[in-house]
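Below is one structure, written out as structure tokens, with a few remarks after it.
The values are calculated or read from the model by the stated rules, or taken from the named source; none is laboratory data. In this text the structure is predicted, and so the values were computed from the model without any measurement. Every residue, glycine as well, gets a Cβ built from its backbone with ideal geometry; the counts of neighbours run over all protein chains shown.
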Amino acid sequence: MRKIEIDDNFFNKKLVIPKSLNNLNKIFMDNNFELFIVGGYIRDCILNIKNEDIDICSSATPDKLEEMLKGTEFLFTIVNKRLGTYKIYTRSGECSFEYTCFRSEKYDYGHSPSSVQFVEEIAVDAQRRDFTVDCIYYSLKTRQCFDPCGGIQDCQHRTLRIINDKVFDSDGLRILRMLRLAYTKDLKIDEDTYKRAEKQKFLLSEISHERVAKEIRGILSFNETNNRIPKSKYISSLQLIQDIINLQLLQYIFLDLPKYIDLEQYYELVEINPNLYDLAENKLGYALIYFLVTSIEDLTKTEIPAEFYFDILGVRGLMFPKNTVIKYRIVVDALVTLDKMIDKSLFINYVQLFYGFLDEIIQCRALLTNGEKDETLARLVTTERMMLANGIPRYYGDLNLNAEDIMNKWQDLPRNQIGQLLDCALIIATRTRRNEKEFLLSELGKLIKKGGKSRDDN
């Protein structure tokens, strides 16, 4: 990959410093403190990635910081006074900055430091950080960079490297952060860093599952909230899934996965499907779960039960809300079923079952086929076009019928049945290709009458 060139004026030309931050810097300078920007804002400036979150630091201790900001245009919130971390923001709320005092840390056990000492030297503060690319300090006083760990050079070569061999010791979650940074920032993980993560992955067992799940959700949702960086030879959805498998991290992400397969055997036998290579954009989550489902079914020769999705995606997995779990199950089940479908006469009826998720199915299928001609994909696209051309509703809002119409028609109907009847109306409209209000109400009336008759017979 082409090296990023940096000259003496690089940061002065590219780094955007908000006016409020310059005002804050003046307060620090008036009190004989040098204020620095550090971390992701500097890293992303070099990598040419947009970032609006600014972390700042100095040798000003918590008590001194609070004293300096009294009576100024700035307010603050204490995040963790013991660690010297604050959120500083303008009174208007227009800008905010994460502040940390220079400090050294000592760890006895776990990811919280047993002792913290505030210091004055950047070189000491740098040793508590994790990756070299996040260890670049930019002085707002001198407009110069301080790079004690070689982060600028690693940014230039798009390399992700830990600053020392003790990085993962203090917090095993940094292993997942390593994968997140590599994927979202298009960085190649240094070989020694990768080996160190592989050796110390057991530290993830000491991290709360909530923190692990949050980190993984951050990776999977990256493309839903950000513009994906250009495709790289280093990081893709395939590489990310490959890293999760190679580092043997699944048991820390999905606590109930061992219920479905012997993970030691799984790690030995599983092979990554190369067709997943282009399954990026915001379909990475589907790719990971699709891969788990198909590979486990291939190895165990049994179908995945419905509860698998709640075990893997619910409170013992990625901690998604119930409606998200259901969506994942529908999309992934559809992809798996389409792979196995032999009787094509059932195709239209099957597509109708997940019409509301057809966009996701088509996008995933297109990426899985990797640009090759695919009969199933062609039939999906044709079916969707036909349904749209015929005005077949996909969502509640597409129906020429709403909850109020149902309540006006059947005033004694329990409210908890309204949603069920709207679901039935969608199915009726899809199968009959008719969306007139009176027709749908008539068909729903037949269902209600039939349901009442069944109860009377019982």
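Is it true that some residue in region 80-101 is in contact with a helix residue (DSSP H, G or I) (Cβ under 6 Å, 6 or more places away or on another chain), assigned by TED's automatic domain parsing to the domain that holds Leu65 and surrounded by fewer than 16 Cβ atoms within 10 Å (Cβ to Cβ)?
yes
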Requested in this report: Enumerate the pairs (first residue in region 248-265 and assigned to a loop (DSSP other than H, G, I, E, B); second residue anywhere and of a type in the set (S, T, N, Q)) with beta-carbon separation below 8 Å, excluding pairs fewer than 6 apart on the same chain, so at least 6 apart or on different chains.
Outcome: Tyr260/Thr300; Ile261/Thr300
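Of all residues in region 25-83, count the ones that are aromatic (Phe, Trp, Tyr) and assigned to a helix (DSSP H, G or I).
Residues in region 25-83 being aromatic (Phe, Trp, Tyr) and assigned to a helix (DSSP H, G or I): 2 in total.
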Report summary line: Condition set polar (S, T, N, Q) and out of contact with any strand residue (DSSP E or B) (no Cβ under 6 Å at 6 or more places or on another chain), scope region 192-213, selection modelled with the highest pLDDT: answer is Gln200
Query raised in the report: So which pairs qualify, if the first residue must be in region 392-407 and surrounded by 18 or more Cβ atoms within 10 Å (Cβ to Cβ), the second must be modelled with pLDDT under 85 and among the acidic types (Asp, Glu), the Cβ gap must be under 9 Å, and the two must be at least 6 apart or on different chains?
Result: Ile392/Asp398; Arg394/Asp359
Query raised in the report: Could you count how many residues in region 393-419 are over 19 Å from Leu447 (Cβ atoms) and part of a loop (DSSP other than H, G, I, E, B)?
Result: 2
Query raised in the report: Do we find a residue being surrounded by fewer than 19 Cβ atoms within 10 Å (Cβ to Cβ), among the basic types (Lys, Arg), within 30 Å of Cys155 (Cα to Cα) and free of Cβ contacts under 8 Å to residues at least 40 places away in the same chain anywhere in region 55-77?
Result: no
Query raised in the report: Would a scan of region 118-140 turn up a residue that is part of a loop (DSSP other than H, G, I, E, B), without any contact (Cβ under 8 Å) to a residue 12 or more places away in the chain and not acidic (Asp, Glu)?
Result: no
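Report whether or not Phe357 is assigned to a loop (DSSP other than H, G, I, E, B), of a type in the set (Phe, Trp, Tyr) and touching a helix residue (DSSP H, G or I) at 6+ places or on another chain (Cβ under 8 Å). First the steps, then the outcome.
Values: assigned to a loop (DSSP other than H, G, I, E, B): no; of a type in the set (Phe, Trp, Tyr): yes; touching a helix residue (DSSP H, G or I) at 6+ places or on another chain (Cβ under 8 Å): yes.
Taking the combined requirement at face value, the residue does not satisfy it.
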Requested in this report: Output the number of the condition that Cys135 fails; it satisfies all remaining conditions of (1) within 21 Å of Arg174 (Cα to Cα); (2) in contact with a Ser or Thr (Cβ under 9 Å, 6 or more places away or on another chain).
Outcome: (2)
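Just to check your reading of the model, which residue among Ile235, Ile216 is in contact with a helix residue (DSSP H, G or I) (Cβ under 7 Å, 6 or more places away or on another chain), closer than 24 Å to Thr132 by Cα, assigned to a helix (DSSP H, G or I) and modelled with pLDDT under 90?
On the way: Ile235 fails: assigned to a helix (DSSP H, G or I).
Exactly one residue qualifies, and that residue is Ile216.
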Report task. Identify all residues within region 321-355 that are of a type in the set (D, E, K, R), surrounded by 15 or more Cβ atoms within 10 Å (Cβ to Cβ) and at pLDDT below 75; write none if there are none. Result -> none
